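A short worksheet on the structure shown next.
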Amino acid sequence: MSVPPRAIQLNEANAFLKKHPEVLYVDLLIADMNGVVRGKRIERTALHKVYEKGINLPASLFALDINGSTVESTGLGL
């Protein structure tokens with residue numbers, strides 16, 4: 001029986017955090033459609049929740065024009 005990939009990734013993350021106790025935060029990053037890096041910073045103690053439940057990012061991340069401005073007609077921005 002094989003181990004699910006998510007479990008392997010969580011084990012790797014836990015091993016990294018154990019080896020590097022000085023790491024207090026983890027940055028969860030994604031590039032938007034224009035290549036601008038966006039994301040969230042979480043405390044190391046919350047990392048396991050990301051593997052268990054995922055993480056919410058704003059849908060407006062995918063409603064940007066070529067200048068990186070929100071496309072108002074999508075209703076996803078401010």
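Derivation of every value follows stated rules applied to the coordinates shown; laboratory data play no part. Quick caveat, the model's predicted, so the values are computed rather than measured. Positions of Cβ are backbone-derived with ideal geometry, glycine not excepted, and every protein chain shown enters the neighbour counts.
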Residue list for region 17-68, filter: small (Gly, Ala, Ser), part of a helix (DSSP H, G or I) and under 28 Å from ALA7 (Cβ atoms) = ALA46
Search result, residues across region 47-70 that are of a type in the set (Gly, Ala, Ser) and more than 12 Å from the chain's Cα centre (by Cα) = ALA59, SER60, ALA63, GLY68, SER69
If we scan region 9-16, do we find a residue that is surrounded by fewer than 11 Cβ atoms within 10 Å (Cβ to Cβ) and outside any helix (DSSP H, G or I)?
-> no
